[in-house]
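Report on the structure given below.
The values are calculated or read from the model by the stated rules, or taken from the named source; none is laboratory data. In this text, all values refer to a predicted model and were calculated from it rather than measured experimentally.
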Amino acid sequence: MAIPVHKGNRGEMEARKVLEAMGLEIHRTGYEGKFQGASDLVLVEDGELKRVDFEVKRTESFRINQYLAQATAAANRSGGIPRILWRRNQADWVSIGWLKDDQEYARAILKQ
């Protein structure tokens, strides 16, 4: 059985690689001090925060209310858009967020 901290770290690194393969610049906030207080990963463009905060969950069960509350609280502190990236074992990554934020999120990841 994986130790939760290690599984969480691996999950963040996996999710970062997927986002970077999409052409996005991503920073891990827990290990890059200038982004403290934000979610696990943040979208950056030209060295500046782009207002998208990703909370990464690498779990078998999904607790949507708990995870949305956590992502929203972190994004509210930074002024960003909350997104949850979730993956079960042997499955693809899923991106979840508030419908009211979808248009702004789409603009951010499409660099418009």
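Structure notes:
- Among the candidates ARG28, ARG51, ARG10, ARG16, residue that is modelled with pLDDT of 80 or more, over 12 Å from the mean Cα position of the chain (by Cα) and of a type outside the set (Ser, Thr, Tyr): ARG10
- Verdict on TRP98 being of a type in the set (Phe, Trp, Tyr) and under 13 Å from the mean Cα position of the chain (by Cα): no
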